[in-house]
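**Q** Structure incoming, see below.
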Amino acid sequence: MAEAHARTNRLAGSTSPYLLQHQHNPVDWHSWGDEAIGRAREEEKPIFLSIGYSACHWCHVMERESFENEAIAARLNRDFVSIKVDREERPDLDEIYMTATQLMTGSGGWPMSVFLTPDLKPFFAGTYYPPEDRWGRPGFPALLEALAQAWNERRPEVLEQADHLCHEIERVTGSAFTQAPVQPSLVEDALRRIVSQFDEEYGGFGGAPKFPPSLRLELMFRKLDQRPDLGPMIVRTLDGMARGGMYDQIGGGFHRYSVDEAWLVPHFEKMLYDNALLARLYALAYDRLRDVPELAPDAWHYGRVARETLDYVLREMTHREGGIYSATDADSEGEEGRFFVWDPEEVKSVLGDADGGLFCRVYDITPRGNFEGRSIPNLIQGGLWTCVEEQGLSPEAMDEGLQPLRVSLRHQRGLRVPPLLDDKILTGWNGLMIRAFAEGYRVFGEERYQQAAERAAGFCLTQLSSDGRLLRSFRNGKAHLNAYLEDYSYLALGLLDLHAVTGEDRWRSEGLRLVDLMDELFFDEVSGSYFFTSHDHESLITRVRALQDGATPSPNSAAALALIRAASLTGADRYRLRAARLLSVAAPQMAQHPAAFANMLIAADEFLEAHPNGIAVPGADAVEVEPFISRTAVTPGESFWIGLRVNIRKGYHLNSNEPAHDDMIPTRLVVDSPDGFELITGSYPVGEAYAGPNEEPGATAISVYRGTVLIGVEAQVEADLSSGTYPFTLTLNVQLCDDQQCYAPLEARATVQVTIAAGGREQHRSEVAQLVRQAGSESDG
């Protein structure tokens, strides 16, 4: 032990259990902050940024293989300034640099390994790297040598790459959002696309690995009365998750996800957010389905799973003052899953031969095993339902008889070396768990769940607050870090849910106060959405807006739900209008990627319940687009024009493509062309100088479009393109204004098809093409 602690680095003063796991590495780690960044700038060294979390299996692997390796550490210490970040404490950094990783590699994950300039711009990114070349991945030492050489010998190229990548990050995370109407058809169409990915055999959506689709199932429950066909999909998925090894059959609670399609073998970490979302879902399922035996004959099992998950959190994840811890690790004694697996002899040594033999049959615990020679308890093979026939009992009665056996094994398991507990308390994740406890109290009427919700709420409002504002993280008596949008939106929603089931005015007033603070600190007037970080947050390379769900609900979707609840409680139009704009901003993405926007679709559906006429985008009917194409049939080698005729209603105008002011949103046409076509020249009309309706002397004119304008691009067919029909998608981004105000950006889309037939080369210029050329000045397409 003394040898293992022969050195201690700067991470020893951290509150994060993840950072503390690395405090004795030979790597000269810094935490994120001015000291590390200042050193990189002073010494002109690149930064190695390593981001992970305490329950991450592959983070542990890379630490053992590389960060504890003296030679690798020496190379890092010589050529880089190394920074270690806990993604759960700093989700802002994780969001930015995960985007960089995904842009560079097409995928992401943890540990995240990103190399930055001293100005914090990423120039290379990846995830896990082995200590030598392996599995098609470069070895970490070879990678470090190559990057250090590039920094020292080709720095201008490295800086150019970093600038380019920052531009792409800004484009992906920081661009303004367009708006679209929100009508019932939006939710209905999105749901059809979601369920088209349903796995009929095992439940869930798509193939392995399978993550718990909590939010998609909640959306399906909302539409179940109108769509009875959703019922079997819901039940199949709930049964698959609850019977598989992803659910801890002995101790309650869910592991992170299943590595196989049948829900059998999990990654064994347990995250608070998963258990919050799933406990709430199973309580809802029990409440909705317990009286529908023809659809869900085993709905009693959902109630047991919900209670056991809530009780697991109360028993093993709760601070003495009521706050709730973050996670437990996947590994113990250096092996993933060791704490959770069994063999028949051990079960029988605890329960005896008769009860132990029965338990092993029910839970598929065999000498052969199903995970590296041992067994993950599961009900996938239907052991419980097989054994009930022999015992002459109902499944529910049989399960009740097994309960003391499960408790005995849980006590025995408690004598093993447990996985590491990440005992930091995060405000946002506690907000999710408060919602789960509130739902548990509503469904089961058990006061311990109400008390747990109220204690967690009180903890957040006292221990995780300073001067009325929220802080992100608490551990060992210390709370720190500015809270993020998810902290405000999740906790506000949790408090309002708690008010709904208790009627306590305190939770109502505190929830509404947090909604108002969320608006003050995070709202972006330009886009109509909320930034992830507050307006007074430290300056980073960009500010992101998180609309898409990840492992947790998107913070903006939780904000939308909180605004809807606030509007319902107070009748205040300001909450309703803010929610309407946020939903309309998210509408185009909800339509395009519904599976990633399930919680925003839940918010949209809840809004539509109160406002069945939906949300119309202001001024959207003032712009109409018609696609045009100079020829619908061309031959290889020919060129043609394609574009949009834009009709602008009288009294309105659009900013031109060069509106004369940097803070104005220009008109832009984006053409998504199929392979085999080259976009040669784009053409926009010349804008009209406009200084307002009265054109007062000295007023500054802007460049606008009014009436009807043509916007197009010339495309050429490659000489060897085969015959067939090819679709082009035309997307027009505009900002519409009248004489009083400008509206949020709009997006219009149209599709045009061109047919390629064999024939000679001929340059064609139609009347439409000539009109386009005459209408504007040429620019790059």
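**Q** Does the stretch 720-732 contain at least one residue that is open to solvent by less than 60 Å² (accessible area, probe 1.4 Å), farther than 28 Å from residue 179 by Cβ, aliphatic (A, V, I, L, M) and assigned to a strand (DSSP E or B)?
**A** Going residue by residue through the stretch 720-732, those that are open to solvent by less than 60 Å² (accessible area, probe 1.4 Å) are 721, 724, 726, 728-732.
Next cut, farther than 28 Å from residue 179 by Cβ only: 721, 724, 726.
In the following step, the residues that additionally are aliphatic (A, V, I, L, M) were identified as 721.
Keeping just the survivors that are assigned to a strand (DSSP E or B) gives none.
Checked against the condition, which is being open to solvent by less than 60 Å² (accessible area, probe 1.4 Å), farther than 28 Å from residue 179 by Cβ, aliphatic (A, V, I, L, M) and assigned to a strand (DSSP E or B), the stretch 720-732 yields no hits at all.
**Q** Restricting attention to the stretch 186-222, which residues are charged (D, E, K, R) and surrounded by fewer than 17 Cβ atoms within 10 Å (Cβ to Cβ)?
**A** Within the stretch 186-222, the first condition is being charged (D, E, K, R), and the residues that meet it are 188-189, 192-193, 199-201, 210, 216, 218, 222.
Matches in the stretch 186-222: 188, 189, 192, 193, 200, 201.
**Q** Scan the stretch 336-389 residue by residue and report those that are of a type in the set (A, V, I, L, M), in a helix (DSSP H, G or I) and in contact (Cβ under 8 Å) with a residue 60 or more places away in the chain. Steps first, answer last, please.
**A** In the first step, residues of the stretch 336-389 are kept if they are of a type in the set (A, V, I, L, M); the result is 341, 347, 350-351, 354, 358, 362, 365, 376, 379-380, 384, 388.
Restricting the remaining residues to those that are in a helix (DSSP H, G or I) gives 347, 350-351, 354, 358, 362, 384, 388.
Once the filter is applied, which keeps residues that are of a type in the set (A, V, I, L, M), in a helix (DSSP H, G or I) and in contact (Cβ under 8 Å) with a residue 60 or more places away in the chain, the stretch 336-389 yields 347, 350.
**Q** Filter the stretch 697-719 for residues that are farther than 27 Å from residue 179 by Cβ and assigned to a strand (DSSP E or B); which is most open to solvent (accessible area, probe 1.4 Å)?
**A** Filtering first and then ranking leaves 716.
**Q** If you don't mind, another one. Within the stretch 186-193, does at least one residue satisfy the condition of being closer than 30 Å to residue 664 by Cα, of a type outside the set (Gly, Ala, Ser) and under 21 Å from the mean Cα position of the chain (by Cα)? I'd like the intermediate steps shown before the answer.
**A** Taking the stretch 186-193 first, the residues closer than 30 Å to residue 664 by Cα are 186.
Add one more test, that the residue is of a type outside the set (Gly, Ala, Ser), and what stays is 186.
Those left that are additionally under 21 Å from the mean Cα position of the chain (by Cα): 186.
Yes, the conditions are met somewhere in the stretch 186-193.
**Q** If we scan the stretch 185-203, do we find a residue that is β-branched (Val, Ile, Thr) and in contact with a strand residue (DSSP E or B) (Cβ under 9 Å, 6 or more places away or on another chain)?
**A** First, the residues of the stretch 185-203 that are β-branched (Val, Ile, Thr): 187, 194-195.
In the following step, the residues that additionally are in contact with a strand residue (DSSP E or B) (Cβ under 9 Å, 6 or more places away or on another chain) were identified as 194-195.
Within the stretch 185-203, one or more residues are β-branched (Val, Ile, Thr) and in contact with a strand residue (DSSP E or B) (Cβ under 9 Å, 6 or more places away or on another chain).
**Q** Out of the residues in the stretch 361-392 that are of a type in the set (A, V, I, L, M, F, W, C) and in contact with a strand residue (DSSP E or B) (Cβ under 8 Å, 6 or more places away or on another chain), state the one that is farthest from residue 269 (Cα to Cα).
**A** Applying the first criterion (of a type in the set (A, V, I, L, M, F, W, C)) to the stretch 361-392 yields 362, 365, 371, 376, 379-380, 384-385, 387-388.
Right, trim to in contact with a strand residue (DSSP E or B) (Cβ under 8 Å, 6 or more places away or on another chain) and you get 365, 376.
Working: 365: 21, 376: 14 Å.
Per the criteria, the residue is 365.
**Q** Here are some residues: 487, 423. Which one is acidic (Asp, Glu), open to solvent by 30 Å² or more (accessible area, probe 1.4 Å) and in contact (Cβ under 8 Å) with a residue 40 or more places away in the chain? Break it down stepwise before answering.
**A** On the way: 487 fails: open to solvent by 30 Å² or more (accessible area, probe 1.4 Å).
Every option except 423 fails the conditions.
Residues checked against (1) without any contact (Cβ under 8 Å) to a residue 40 or more places away in the chain; (2) assigned to a strand (DSSP E or B); (3) of a type in the set (S, T, N, Q):
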residue: 123; (1), (2), (3): no, yes, no
residue: 129; (1), (2), (3): no, no, no
residue: 149; (1), (2), (3): yes, no, yes
residue: 161; (1), (2), (3): yes, no, yes
residue: 170; (1), (2), (3): no, no, no
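**Q** Right, something else. Counting only residues that are in contact with a Phe, Trp or Tyr (Cβ under 8 Å, 6 or more places away or on another chain) and part of a helix (DSSP H, G or I), which one in the stretch 407-420 is nearest to residue 56 (Cα to Cα)? Steps first, answer last, please.
**A** Residues of the stretch 407-420 in contact with a Phe, Trp or Tyr (Cβ under 8 Å, 6 or more places away or on another chain): 409, 413, 416-419.
Next, only the ones that are part of a helix (DSSP H, G or I) stay: 409, 413.
Details: 409: 26, 413: 22 Å.
Looking at residues that are in contact with a Phe, Trp or Tyr (Cβ under 8 Å, 6 or more places away or on another chain) and part of a helix (DSSP H, G or I), I get 413.
**Q** Please state which of the following conditions residue 11 fails to meet, knowing it meets all the rest: (1) part of a loop (DSSP other than H, G, I, E, B); (2) under 29 Å from the mean Cα position of the chain (by Cα).
**A** Going through (1) part of a loop (DSSP other than H, G, I, E, B); (2) under 29 Å from the mean Cα position of the chain (by Cα) one by one, residue 11 breaks only (1).
Conditions (1) out of contact with any Cys (no Cβ under 9 Å at 6 or more places or on another chain); (2) under 29 Å from residue 692 (Cβ atoms); (3) of a type outside the set (S, T, N, Q); (4) assigned to a strand (DSSP E or B), marked per residue:
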position	(1), (2), (3), (4)
624	yes, yes, yes, yes
637	yes, no, yes, no
654	no, yes, yes, yes
658	yes, yes, yes, no
666	yes, yes, yes, no
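**Q** Can you tell me which residue is nearest to residue 726 (Cα to Cα) among those in the stretch 736-757 that are not hydrophobic (A, V, I, L, M, F, W, C) and not in a strand (DSSP E or B)?
**A** Filtering the stretch 736-757 for residues not hydrophobic (A, V, I, L, M, F, W, C) gives 738-741, 743, 745, 747, 749, 751, 753, 755.
From the residues that got through so far, the ones that are not in a strand (DSSP E or B) too are 738-741, 743, 745.
Details: 738: 38, 739: 41, 740: 43, 741: 40, 743: 35, 745: 29 Å.
Step by step, filter the stretch 736-757, then rank; the result is 745.
**Q** Across the stretch 654-675, what is the number of residues that are open to solvent by less than 30 Å² (accessible area, probe 1.4 Å), within 23 Å of residue 751 (Cα to Cα) and either among the polar types (S, T, N, Q) or free of Cβ contacts under 8 Å to residues at least 60 places away in the same chain (or both)?
**A** Residues flagged as open to solvent by less than 30 Å² (accessible area, probe 1.4 Å), within 23 Å of residue 751 (Cα to Cα) and either among the polar types (S, T, N, Q) or free of Cβ contacts under 8 Å to residues at least 60 places away in the same chain (or both) within the stretch 654-675 amount to 4.
**Q** Hey, residue 383 hits all of (1) of a type outside the set (A, V, I, L, M); (2) at pLDDT 95 or above; (3) surrounded by 19 or more Cβ atoms within 10 Å (Cβ to Cβ) but one; which does it fall short on?
**A** Of (1) of a type outside the set (A, V, I, L, M); (2) at pLDDT 95 or above; (3) surrounded by 19 or more Cβ atoms within 10 Å (Cβ to Cβ), only one is false for residue 383: (2).
**Q** In the set 113, 82, which member is touching a Gly at 6+ places or on another chain (Cβ under 6 Å), at pLDDT 95 or above and open to solvent by less than 10 Å² (accessible area, probe 1.4 Å)?
**A** Details: 82 fails: touching a Gly at 6+ places or on another chain (Cβ under 6 Å).
Unique residue meeting the criteria: 113.
**Q** Here is a check on your reading of the model: is residue 544 of a type in the set (Val, Ile, Thr) and either over 23 Å from the mean Cα position of the chain (by Cα) or modelled with pLDDT under 95 (or both)? Give the derivation first.
**A** Details: of a type in the set (Val, Ile, Thr): yes; either over 23 Å from the mean Cα position of the chain (by Cα) or modelled with pLDDT under 95 (or both): yes.
It is true that residue 544 is of a type in the set (Val, Ile, Thr) and either over 23 Å from the mean Cα position of the chain (by Cα) or modelled with pLDDT under 95 (or both).
**Q** Tally up the residues in the stretch 39-79 that are within 31 Å of the chain's Cα centre (by Cα), closer than 20 Å to residue 138 by Cα and part of a loop (DSSP other than H, G, I, E, B), please.
**A** 1
**Q** Can you spot a residue in the stretch 556-563 that is in contact with a strand residue (DSSP E or B) (Cβ under 7 Å, 6 or more places away or on another chain), within 24 Å of residue 429 (Cα to Cα) and open to solvent by 10 Å² or more (accessible area, probe 1.4 Å)? Spell out the reasoning first.
**A** Filtering the stretch 556-563 for residues in contact with a strand residue (DSSP E or B) (Cβ under 7 Å, 6 or more places away or on another chain) gives 556, 559.
This time we only want the ones that are within 24 Å of residue 429 (Cα to Cα), so: 556, 559.
From what's left, open to solvent by 10 Å² or more (accessible area, probe 1.4 Å): none.
Looking for residues that are in contact with a strand residue (DSSP E or B) (Cβ under 7 Å, 6 or more places away or on another chain), within 24 Å of residue 429 (Cα to Cα) and open to solvent by 10 Å² or more (accessible area, probe 1.4 Å), one finds none in the stretch 556-563, hence no.
**Q** Within the stretch 511-523, does at least one residue satisfy the condition of being among the β-branched types (Val, Ile, Thr), surrounded by fewer than 20 Cβ atoms within 10 Å (Cβ to Cβ) and either at pLDDT 95 or above or part of a helix (DSSP H, G or I) (or both)? Even if it seems obvious, please write down each step before you answer.
**A** Let us first name the residues in the stretch 511-523 that are among the β-branched types (Val, Ile, Thr), namely 515.
Filter again for surrounded by fewer than 20 Cβ atoms within 10 Å (Cβ to Cβ), leaving none.
Among the residues of the stretch 511-523, not one is among the β-branched types (Val, Ile, Thr), surrounded by fewer than 20 Cβ atoms within 10 Å (Cβ to Cβ) and either at pLDDT 95 or above or part of a helix (DSSP H, G or I) (or both), which makes the answer no.
**Q** To continue, here is another question. Does residue 290 qualify as being out of contact with any Lys or Arg (no Cβ under 7 Å at 6 or more places or on another chain), free of Cβ contacts under 8 Å to residues at least 60 places away in the same chain and more than 21 Å from residue 445 (Cα to Cα)? Quick ask: steps written out before the conclusion?
**A** Working: out of contact with any Lys or Arg (no Cβ under 7 Å at 6 or more places or on another chain): yes; free of Cβ contacts under 8 Å to residues at least 60 places away in the same chain: yes; more than 21 Å from residue 445 (Cα to Cα): no.
When the stated conditions are applied, residue 290 does not pass them.
**Q** Do you know which residues across the stretch 234-249 are of a type outside the set (Val, Ile, Thr) and either in a loop (DSSP other than H, G, I, E, B) or open to solvent by less than 30 Å² (accessible area, probe 1.4 Å) (or both)?
**A** Of the residues in the stretch 234-249, the ones of a type outside the set (Val, Ile, Thr) are 236, 238-249.
Scanning the stretch 234-249 gives 238, 239, 240, 241, 242, 244, 245, 246, 247, 248, 249.
**Q** For the stretch 85-110, enumerate the residues that are part of a helix (DSSP H, G or I), open to solvent by 10 Å² or more (accessible area, probe 1.4 Å) and among the polar types (S, T, N, Q).
**A** Those that are part of a helix (DSSP H, G or I), open to solvent by 10 Å² or more (accessible area, probe 1.4 Å) and among the polar types (S, T, N, Q): 99, 102, 105.
**Q** Looking at the stretch 274-310, which of its residues are open to solvent by 10 Å² or more (accessible area, probe 1.4 Å), within 24 Å of the chain's Cα centre (by Cα) and under 17 Å from residue 324 (Cβ atoms)?
**A** 277, 280
**Q** So which of 479, 453, 492, 438 ends up being open to solvent by less than 40 Å² (accessible area, probe 1.4 Å) and either part of a loop (DSSP other than H, G, I, E, B) or without any contact (Cβ under 8 Å) to a residue 24 or more places away in the chain (or both)? I'd like the intermediate steps shown before the answer.
**A** Working: 453 fails: either part of a loop (DSSP other than H, G, I, E, B) or without any contact (Cβ under 8 Å) to a residue 24 or more places away in the chain (or both); 492 fails: either part of a loop (DSSP other than H, G, I, E, B) or without any contact (Cβ under 8 Å) to a residue 24 or more places away in the chain (or both); 438 fails: either part of a loop (DSSP other than H, G, I, E, B) or without any contact (Cβ under 8 Å) to a residue 24 or more places away in the chain (or both).
After ruling out the rest, the residue left standing is 479.
**Q** While we're here: Give me the pairs: first residue in the stretch 514-543 and of a type in the set (Asp, Glu), second residue surrounded by fewer than 16 Cβ atoms within 10 Å (Cβ to Cβ) and assigned to a loop (DSSP other than H, G, I, E, B), beta-carbon distance under 9 Å, and six or more apart or on different chains, which are they?
**A** Every condition considered, the pairs that remain are 520/535.
The values are calculated or read from the model by the stated rules, or taken from the named source; none is laboratory data. As the structure is a prediction and not an experimental result, all values here were calculated from the model. Here the Cβ is made from the backbone with ideal geometry for all residues, glycine too, and neighbour counts use every protein chain on show. To get the accessible areas, we keep the full protein, side chains included, count just its heavy atoms, and leave off ligands, DNA and RNA. Shrake-Rupley method; radii C 1.70, N 1.55, O 1.52, S 1.80 Å.
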